[in-house]
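Enquirer: Supplied in structure tokens, the structure appears directly below.
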Amino acid sequence: MHALLAGLTTLDVIHALDHEPNTTTKTTCIDHAMAAGGPATNAAVTIAALDALQPDRNADAPSAVTLLTALGEGAIARTLAEDLANCRVDVRDAGDPASSVREPAISSIIEHPGGRMVASTNARVWAGPVVAGRAA
């Protein structure tokens, strides 16, 4: 089996708090993480992790998951690509080289006992016309 997923990839910067934040003060978190995120990306990482649990899985076999996403360029895009490679997700960058925006979206996520808050730049890298044309 091989899974192909397509969609948004973001850099998720996650902060965990042990209390609800006061919006007018600086807050210190109890834990934090940075990882590739986004709906399709999270699904790709989950499928790859489940595939790795298969007892007959050959560790040298190619990835069972391909993610088609507009990854972009720069240090953040390289960090995301490395994170996904470590998760055994094969990434196909569908970013449009002609786009003026070249860096992926960043989501800041604050988890706290009362819920969570998310601030995001949302999708910023556009898919190239060839890829977009294939999807139509």
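The values are calculated or read from the model by the stated rules, or taken from the named source; none is laboratory data. Source: prediction; values computed, not measured. Cβ coordinates were reconstructed from backbone atoms using ideal geometry, including for glycine residues, and neighbour counts include every protein chain displayed.
Enquirer: So which residues in segment 28-43 are farther than 30 Å from D90 by Cβ and without any contact (Cβ under 8 Å) to a residue 12 or more places away in the chain, if there are any at all?
Expert: If the condition is that a residue be farther than 30 Å from D90 by Cβ and without any contact (Cβ under 8 Å) to a residue 12 or more places away in the chain, then T28 is the only one that fits.
Enquirer: Something else now. Can you tell me which residue in segment 53-89 is nearest to the chain's Cα centre (by Cα), limited to those that are hydrophobic (A, V, I, L, M, F, W, C) and at pLDDT below 90?
Expert: That would be L71.
Enquirer: Shifting gears a bit: Quick one: what pairs do we get from segment 1-26, first residue in contact (Cβ under 8 Å) with a residue 40 or more places away in the chain, second part of a loop (DSSP other than H, G, I, E, B) and aromatic (F, W, Y), C-beta under 9 Å, 6+ apart or different chains?
Expert: Pairs found: none.
Enquirer: Examine segment 40-60 for a residue that is surrounded by fewer than 16 Cβ atoms within 10 Å (Cβ to Cβ), in contact with a Cys (Cβ under 8 Å, 6 or more places away or on another chain) and not hydroxyl-bearing (S, T, Y), and state whether such a residue exists.
Expert: Looking for residues that are surrounded by fewer than 16 Cβ atoms within 10 Å (Cβ to Cβ), in contact with a Cys (Cβ under 8 Å, 6 or more places away or on another chain) and not hydroxyl-bearing (S, T, Y), one finds at least one in segment 40-60, hence yes.
Enquirer: When you go through (1) under 23 Å from H15 (Cα atoms); (2) hydrophobic (A, V, I, L, M, F, W, C); (3) out of contact with any strand residue (DSSP E or B) (no Cβ under 6 Å at 6 or more places or on another chain) one by one for A105, which number turns out not to apply?
Expert: (3)
Enquirer: Something else about it: State whether one or more residues within segment 47-54 are in a loop (DSSP other than H, G, I, E, B) and free of Cβ contacts under 8 Å to residues at least 24 places away in the same chain.
Expert: yes
Enquirer: Residue check: is L67 among the aliphatic types (A, V, I, L, M), in contact with a strand residue (DSSP E or B) (Cβ under 8 Å, 6 or more places away or on another chain), assigned to a strand (DSSP E or B) and closer than 30 Å to P97 by Cβ?
Expert: Spelling it out, L67 is indeed among the aliphatic types (A, V, I, L, M), in contact with a strand residue (DSSP E or B) (Cβ under 8 Å, 6 or more places away or on another chain), assigned to a strand (DSSP E or B) and closer than 30 Å to P97 by Cβ.
Enquirer: I'm checking my understanding of the structure. Among residues of segment 4-15 that are at pLDDT 95 or above and within 11 Å of A43 (Cα to Cα), which one is surrounded by the most Cβ atoms within 10 Å (Cβ to Cβ)?
Expert: The qualifying residue surrounded by the most Cβ atoms within 10 Å (Cβ to Cβ) is L5.
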